1. Find the centroid of the Cα atoms in the stretch 9-46 and in the stretch 118-143, then give the distance between the two in whole Å.
2. Can you list residues whose amide H is under 5 Å from Val44's amide H, if they're 5+ apart or on another chain and H is modeled 1.01 Å from N?
3. Need one number: nm distance between label points at Tyr67 and Leu154, each 7 Å from Cα along Cα→Cβ, rounded to one decimal.
4. How many nm is it between the label spots at Ser109 and Val19, if each spot is 7 Å from the Cα in line with the beta carbon?
5. Could you give the radius of gyration (one decimal) and Dmax (whole number) of the Cα atoms in the chain, in Å?
6. Whenever you get a sec, compute what percent of the accessible area on the stretch 39-181 sits on carbon and sulfur atoms (1.4 Å probe).
7. Pick out, in residue order, every one of the GluC sites (Glu not before Pro) in the stretch 128-228 that is DSSP loop and has at most 13 other C-beta atoms within 10 Å; say none if there are none.
8. Hey, could you pull the Cα Rg and Dmax for the stretch 26-150, both in Å?
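The values are calculated or read from the model by the stated rules, or taken from the named source; none is laboratory data. Just so it is clear, the structure is predicted and the values come from calculations on it, not from any experiment. Because the Cβ atoms are built from the backbone with ideal geometry, glycine has one as well, and the counts that use them run over all protein chains shown. SASA here: full protein model, heavy atoms, side chains in, ligands and nucleic acids out. Shrake-Rupley method; radii C 1.70, N 1.55, O 1.52, S 1.80 Å.
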Amino acid sequence: MTERAIYDLLVWAWLGVAVLTVLSLLWITAPYGRHARGGWGPQVSNRVGWVLMEAPASLAFLGFWLYGGAPLGATALAFLGLWQLHYVYRAFIYPFAVRGDPARGMPLSIALMGALFNVVNAYLNARWLFGLGPSLPASWLADPRFLAGAALFLGGLATNRWADRVLRELRQPGEHGYKVPRGGLYERISCPNYFGETVQWIGWAVLTWSPGGAVFALWTAANLVPRAVSHHRWYQSKFADYPPERRAVIPYVL
Ligand code: NDP
């Protein structure tokens, strides 16, 4: 069996797992952050959990780029740069910036599941872009698909970073509790960070025009939309004066 045939099978299998994930997340909320609870095995600190979960996405993508011959064309470097723009931050900066209860951990099982997801996802994306898919020329950077996708990617990334910063600044160093976030997109939805992240990976799917990108965008939505709904319900149950016009993750819709 060729690697390309295995890749195609993996894409379909991964789509199937995304469907199962969204169905199970409608019933079971991943047990970290405000939804943390016992019964998921040994815990690691939140910080260690985030690094363990996200570092493989950055390192594996880099590894598959090297394995693909370390292409130095403008398009390959743009793909590598945009991916790392997200994952270097998420794996090596974000975990050290969050404020919260240092005693609150994350189940090791969740961190390892996240790491496994990230390695498979890095494979599906990087192997297509740097080996199995067509080698895109520099003129791809002027293609409307690249330009529209890059606008979505960067807009989503900016929204996600802004939204994460608003949440971080709700707490003074050493504070652990929760407050109602205010301002900007928070007036419309409870989770602009998840909204921004989903838009970002839809942008990635468009700018790479790849099966790996498409399946990752679906996975992101499958993971984050149910979690946004859980967060939204949690806010409504904790804050009697929670703004009634606010939706979970899509302004005016959901
Ligand atoms: P959350 O919004 O649940 O939490 C983000 C941080 O803000 C946590 O430190 C949390 O503290 C704190 N926080 C959240 N709400 C409040 C509040 N109302 N008052 C005070 N502090 C608050 O996000 P996640 O932890 O789930 O995700 C973090 C980032 O990772 C997001 O940008 C998300 O998009 C991204 N992510 C991406 C995934 C993907 O599939 N691509 C999957 C999961 C996350 P505490 O931990 O104490 O709750």
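1. 27 Å
2. Met106, Leu108
3. Those two pseudo-labels are separated by 3.1 nm.
4. My value for the distance between the label points is 2.5 nm.
5. Gyration radius and largest Cα-Cα distance of the chain: 18.7, 59 Å.
6. Numbers: 4630 of 6680 Å².
Result for the stretch 39-181: 69 percent of the exposed heavy-atom area is carbon or sulfur.
7. Values: sites: Glu169, Glu175, Glu187, Glu197; in loops: Glu169, Glu175.
Within the stretch 128-228, the qualifying GluC sites (Glu not before Pro) (loop, at most 13 other Cβ atoms within 10 Å) are Glu169, Glu175.
8. 17.4, 53
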